[in-house]
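Here's the structure we're looking at; comments come further down.
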Amino acid sequence: HEPMLQASFGEGFYRLDPGLMFQETAWHTTAGEERFNRNDPETARQLLEDAGYDGTPVRFMTTQEYQDHYNTSIVAQQQLEEAGFVVDLQTYDWATVVERRADPEAWDVFTTGISFKPDPVQLVILQLCSWPGWWCSDDSQALLDQLSSESEFEARFEIWEQLQENFYTEVPMIKVGEEAPIVAKAARVRGLSTQSQLGPILWNAWIEE
């Protein structure tokens, strides 16, 4: 994963972490970490051979409107081809990617980014059976239903750990890593939070005259 992150964000502006929720949140867990970033091309080639891959091109959608998406795709293509896949990299504008990804017959892989949410049930990837990729799992759906109905944090966290474990065993998608965005401020701005979440937190911030 690291070459993809280096190409996309540059040294010092990414983090390798298996958690689907950030380390800075109470929801962070390393459940399933043994399957994160395996970096084992020999095993990949063997699994491909065992699966009887016939050389059918993998249709890989990406966009240059988000440069990190495109750079990730270029490195991923190289790695997939080294493992033995034939990759048909298809570059579209982002609106076309969003339109095409709704059609399961139009693609095999696409790159995207998942934004921070304060509660795991709000993650778009947990719209099971409805978000592109269509992670359909009776076991994971049952866990998600429990997570949505339970109110005690300790009980919810145990459920969340099981759900993240399922993410790494069922492999509906692959987490590559985390971006560290840059937030710049003038010296006279005071009280600005270091947690940017979906954007700068401006409440309780002020300008010192």
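The values are calculated or read from the model by the stated rules, or taken from the named source; none is laboratory data. Small disclaimer: the values here were computed from a predicted structure and weren't measured. All Cβ positions, even for glycine, are placed from backbone atoms using ideal geometry, and neighbour counts span all protein chains on display. What goes into the accessible areas is simple: the full protein's heavy atoms, side chains included, and nothing from ligands, DNA or RNA. Shrake-Rupley method; radii C 1.70, N 1.55, O 1.52, S 1.80 Å.
At-a-glance table
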| quantity | calculated |
| --- | --- |
| So Q79, is it surrounded by 14 or more Cβ atoms within 10 Å (Cβ to Cβ) and closer than 20 Å to V176 by Cα | yes |
| Total residues in region 84-110, condition open to solvent by 30 Å² or more (accessible area, probe 1.4 Å) and among the aliphatic types (A, V, I, L, M) | 6 |
| Filtered residues of region 31-50 (kept if surrounded by fewer than 14 Cβ atoms within 10 Å (Cβ to Cβ) and part of a loop (DSSP other than H, G, I, E, B)) | R38, N39, D40 |
| Which numbered condition G113 misses (of (1) modelled with pLDDT of 95 or more; (2) surrounded by fewer than 16 Cβ atoms within 10 Å (Cβ to Cβ)) | (1) |
| Whichever residue in region 17-30 is of a type in the set (A, V, I, L, M) and open to solvent by less than 60 Å² (accessible area, probe 1.4 Å) and, among such residues, is farthest from L163 (Cα to Cα) | M21 |
| Whichever residue in region 180-209 is in contact with an Asp or Glu (Cβ under 8 Å, 6 or more places away or on another chain) and part of a strand (DSSP E or B) and, among such residues, is least open to solvent (accessible area, probe 1.4 Å) | V189 |
| Verdict on S73 being in contact with a strand residue (DSSP E or B) (Cβ under 7 Å, 6 or more places away or on another chain), among the small types (G, A, S) and either farther than 30 Å from A26 by Cα or open to solvent by 80 Å² or more (accessible area, probe 1.4 Å) (or both) | yes |
| Cβ-Cβ under 9 Å pairs, at least 6 apart or on other chains, region 133-151 side free of Cβ contacts under 8 Å to residues at least 12 places away in the same chain, far side open to solvent by less than 80 Å² (accessible area, probe 1.4 Å) | C136/L128; C136/C129; C136/P172; E150/R156; E150/I159 |
| Any hit, region 51-65, residues being within 26 Å of V97 (Cα to Cα), within 20 Å of the chain's Cα centre (by Cα) and open to solvent by 100 Å² or more (accessible area, probe 1.4 Å) | yes |
